[in-house]
Every structure is written in C-alpha cells, then in structure tokens.
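Asks: First the structure, which I've put down as structure tokens, then a few questions once you've had a look.
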Amino acid sequence: MNPYSLAFGKKPEQYISRPVETEKIKNDFESGNQPVYIITGVRGSGKTVLMTDVIRSFDRKEWIVVELNPKRDMLHTLASKLNSENTFVEIFKNAKINLSFFGIGVEIKGVAPITDMEVALSKMLKALDKKGKKVLIAVDEVINTEYMQIFASSFQIFIREELPLFLLMTGLYENVDALQNEDNLTFLHRAPKIEIRPLNISYIADNYSEVLNIDRETALEYAKLTKGYSFAFQVLGHFLWENGRMDKKVMTEYKHYLFEYVYEKIWSELSNNDKKVCRALSESKEGKVSEVKELSGMDTNNFNPYRKRLIRRGLINGDTYGYIIFTLPMFDEFVMDN
Ligand SMILES: Nc1ncnc2c1ncn2[C@@H]1O[C@H](COP(=O)(O)OP(=O)(O)OP(=O)(O)O)[C@@H](O)[C@H]1O
Ligand SMILES: [Mg+2]
C-alpha cells in the first residue's frame, strides 16, 4: 500500500511533526495562560491535521474534547454532547441541572428546567470544574456564521466567569478575519493566531530518503520541489512511490494533482485584484516588489493592501525585504496558465 496519503483532513501515515506549534498550544492551554488559539494557513497546509494532532495529545482523564460545527447550533450541540456521557450525566444530575426544556437529559424532580442555554452551560461547566474537568472545544474550518457569533459571545462570558473552557479553531485567513472583526467579539480580536509554516525541508528529505529508499542528496532535491507544502509532500511522495523512480511522468502527475485538487479552488476564492497581483508576480523576473507593482498596473495605495492580504493568506511570502515569492510549488506556472 502506498504510504503517502492524498486524503485531506486526517492524520497521514507519513506525518512530519510540528513540535513547536503543538507544544505551544498544549502548554498554554494546560497552564491556563490562553483560552483560545486560531490556526490559519492556505488550503492544504495542514491545519486540520495539526488540530487533530493537538487535541489527541490531551489527557482524557482531565480533558473533555468536543468538536463543534459552525453551521449548526453550537451551544445546543455542546450541551447535548456533554450530556451524552454517563459519568457527566451523573455529575449534572447531582448538581440538579435540569436540561429537559432543551430535550436533553432527564427531568429532575423538584427542580425547574433551565430555559436559557447560556445559563445551562454555565452551570454544567461549573459542575465539571468542581470535578477537575476541563473542556476543549475544537472547531475546524471556522466561518463567520450567526451560530459561531452566538457561540463566541457566550464563550467570552464563560471565560470571564473563569470556567474551564478552551477553544481551538482552524480557518482560512479571510474567514477568521471576518469573524475577528465582528464588533462584539473583542476577545477574539486579541486571540493568538498560529500561521502554519511550511514543513521543514530537511525532515521531508529524511522521510523520502528512508521511505522511498533513495540517497539523501536526491531526496533533498525532491524535498525542495515541494517547498515544504504539506499536501505537495504527500502528492509527490505518492507518485514517486507508485512509479518507483523520478521521471517526467511523475512530475506531470504531481503538477496536475496540485492544480486540480487545490490550486483551482484557491484561485476561485481570490478577488480580481488578488489575481492581478498574482499574475504580475508570475510575470516578474525575480519578485521584486517594485517590479510586481509596476506589472500589476496598480498604484501603491491599491497594491499594498492586496500584497499584504496574500501574505496573510499564506499564498505569498514577503520575508525577504523588497521581494515577494509564491509559497506553493509551481503556483507561478499555474497562474501563467490561467
Ligand atoms: N504535518 C504533516 N506532515 C505530513 N503531511 C501533512 C501534514 N499536515 C498535513 N499533511 C498533508 O497535507 C494535506 C492537507 O492537510 P489538511 O487536510 O490538514 O489541510 P488543511 O489546511 O486543513 O486544508 P483545508 O483548508 O482545505 O481544510 C493532507 O494530504 C495531509 O495528509
Ligand atoms: Mg482542513
């Protein structure tokens, strides 16, 4: 079986760890330093895989992990998921929390049902806190829905009440940005973001060398072709394994796969001016900012915000002063073809 995975959203067999990010989130949650983290990055950069890896690393004796979907009533789902475990049901019963109004749990004699979900959850979390439990909410692919806003504003209140609640989210930059700019969600505005970095090229080379059984120098050459882009690491590995060696066919398959499965999608999500900047960058000789601006036909006031936004989306890298480059492998070729 091919050890490299073309599937999105689940931890691949050939996994390259991200110890810095994982430890940072884990330590800050465990020490109570930080109640929220947001993982952002371009499509296919490994947000979901990183989140999954982090949430799996928490000790389940102490931590309760609940995944929520921003397209559904998150508070209600949280309450019913907490109430779906027998040990917790016992805790809520003993704390005399009557959730029957919401169609969750059982009637408790002599106790009026709670009719406000925020109140109910606050009581449930207090009861769990007394038992030394902490609740970690995970939201993959956050979007700025009304449910998400309601959830976030309740979350803000729970944190103020010092309840043991933590939130880990992933999302595309533009979606996270839209949510963070909601007026009433100021705490999210300050929430730390982890922008996913490319995978370490040396680690990729080590992996290819070992798994594909090739010398380290050749493996490094192949690793560089991926630019550290998580999805590209899997795709190139997959076709190299399948073909048994590097040749033109592997490179074509690799390219087509990237184009078809992610770049088309990324491209369709860009605005016209984003695209203009990308086109200008692909036409430029070496990505000099002044040259790209010139080629885009935009003036500085127009150009700069788009350049910055593309950097925040993780699509271009501006680490070298005065220059920009595409972060994704062969994206320049893709842009020229479009
Ligand atoms: N740390 C890693 N090591 C090796 N491969 C990885 C790693 N992280 C992600 N991948 C691979 O990259 C691909 C994309 O990962 P993932 O689904 O996490 O991306 P994503 O950022 O959540 O994308 P999207 O925005 O489309 O949801 C998958 O094929 C996955 O196997
Ligand atoms: Mg994802």
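The values are calculated or read from the model by the stated rules, or taken from the named source; none is laboratory data. A quick note: this is a predicted structure, and the numbers were derived from the prediction, not measured. Every residue, glycine among them, receives a Cβ derived from its backbone with ideal geometry; neighbour counts consider all protein chains shown. Heavy atoms of the whole protein, side chains included, go into the accessibility calculation; ligands, DNA and RNA do not. Shrake-Rupley method; radii C 1.70, N 1.55, O 1.52, S 1.80 Å.
Asks: Roughly how much of Ile108 is accessible, in Å² to the nearest 10, using a 1.4 Å probe?
Replies: Accessible area of Ile108: about 20 Å².
Asks: Okay, next question. Working with all protein chains in place, sort Arg160, Arg18, Arg43 by solvent-accessible area computed with a 1.4 Å probe, largest first. Display every interim value, and only then the final one.
Replies: Values: Arg160 170, Arg18 20, Arg43 60 Å².
Heavy-atom accessible area, descending, gives Arg160, Arg43, Arg18.
Asks: Assuming 0.36 nm per residue, please report the length gained on full extension of the stretch His256 to Val111 beyond their Cα-Cα distance.
Replies: 45.9 nm
Asks: What residues qualify as long-range amide H neighbours of Val66, i.e. H under 5 Å apart, gap of 5 or more or another chain, H built at 1.01 Å from N?
Replies: Long-range HN contacts for Val66: Leu136, Ile137, Ala138.
Asks: Would you kindly state how much longer the chain becomes between Val119 and Thr145 on full extension, computed as 0.36 nm times their sequence separation minus their alpha carbon distance, in nm to one decimal?
Replies: Numbers: separation 26, 0.36 × 26 = 9.36 nm, distance 2.19 nm.
Extending this stretch completely gives an extra 7.2 nm.
Asks: Calculate the spin-label point distance for Glu291 paired with Ser268, positioning each point 7 Å from the Cα along the beta-carbon direction, and give it in nanometres.
Replies: Spacing of the two 7 Å Cα→Cβ label points: 3.3 nm.
Asks: Extension gain Lys26-Tyr323, at 0.36 nm per residue separation less the Cα-Cα distance, in nm? Provide the component values of the computation, followed by the final result.
Replies: Details: separation 297, 0.36 × 297 = 106.92 nm, distance 3.47 nm.
Full extension from Lys26 to Tyr323 adds 103.4 nm.
Asks: Once every DSSP H run of n ≥ 4 in the chain is given -39500 (n - 2.57) and the sum is divided by its residues, what mean residue ellipticity at 222 nm do you get, rounded to the nearest 500 deg cm²/dmol? Intermediate values should be presented prior to the final figure.
Replies: On the way: 17 runs with 175 residues, N = 338.
The helix contribution divided over the chain gives -15500 deg cm²/dmol.
Asks: Separate question: What accessible area, in Å² to the nearest ten, does a 1.4 Å probe give for His256?
Replies: Accessible area of His256: about 100 Å².
Asks: While we're on this one: Which FRET efficiency value, to the nearest 0.05, do you get for Ile16 and Met336 by plugging their Cβ-Cβ distance into 1/(1 + (r/R0)^6) with R0 = 35 Å? Don't skip to the answer; put the middle values down first.
Replies: Working: r = 30 Å, r/R0 = 0.85.
That gives a FRET efficiency of 0.70.
Asks: Here is a follow-up. Can you give the accessible area of Met330, probe radius 1.4 Å, in Å² rounded to 10?
Replies: Near enough 40 Å² of accessible area.
Asks: Just to be sure I understand: of the beta bridges DSSP finds with both ends in the chain, what percent are antiparallel, rounded to 5? Intermediate values should be presented prior to the final figure.
Replies: Working: 3 of 22 bridges.
Expressed as a percentage, antiparallel bridges in the chain total about 15.
Asks: Kindly sort Ser45, Ser153, Ser84 by accessible area of their heavy atoms, largest first, with the probe set to 1.4 Å.
Replies: Numbers: Ser45 10, Ser153 40, Ser84 85 Å².
Listed by decreasing accessible area, they come as Ser84, Ser153, Ser45.
Asks: Right, another one. For region 1-49 and region 273-326, what is the centre-to-centre distance using only Cα atoms, to the nearest Å?
Replies: The two parts, judged by their Cα centres, are 28 Å apart.
Asks: Next question. If R0 is 51 Å, what FRET efficiency do you get for Asn302 and Arg56 from their C-beta distance, rounded to 0.05? Let's see the in-between values first.
Replies: Details: r = 45 Å, r/R0 = 0.87.
Calculated value: 0.70.
Asks: Only sites in a loop by DSSP and with at most 14 other Cβ atoms within 10 Å count here; which trypsin sites (Lys or Arg not before Pro) in region 233-338 make the cut?
Replies: Arg245, Lys285
Asks: Also: Could you list the chymotrypsin sites (Phe, Trp or Tyr not before Pro) in region 61-102 that lie in coil according to DSSP, counting only those with at most 10 other Cβ atoms within 10 Å of their Cβ? Don't jump to the answer; show the numbers that get you there.
Replies: Details: sites: Trp63, Phe88, Phe92, Phe101, Phe102; in loops: none.
The qualifying sites: there are none.
Asks: Using only the Cα atoms of region 271-337, build the gyration tensor, take square roots of its eigenvalues as a ≥ b ≥ c, and label the shape rounded, prolate or oblate: rounded if a/c is under 1.5, else prolate if a/b is larger than b/c, else oblate.
Replies: Details: a/c = 1.26, a/b = 1.17, b/c = 1.08.
The shape class here is rounded.
Asks: Return the subset of Lys11/Lys81; Lys61/Lys130; Lys265/Lys293; Lys93/Lys131; Lys255/Lys308; Lys130/Lys193 for which the Cα-Cα distance in this structure is over 19 Å, preserving the input order.
Replies: Values: Lys11/Lys81 24 Å; Lys61/Lys130 14 Å; Lys265/Lys293 25 Å; Lys93/Lys131 13 Å; Lys255/Lys308 27 Å; Lys130/Lys193 30 Å.
Distance filter (> 19 Å) returns Lys11/Lys81; Lys265/Lys293; Lys255/Lys308; Lys130/Lys193.
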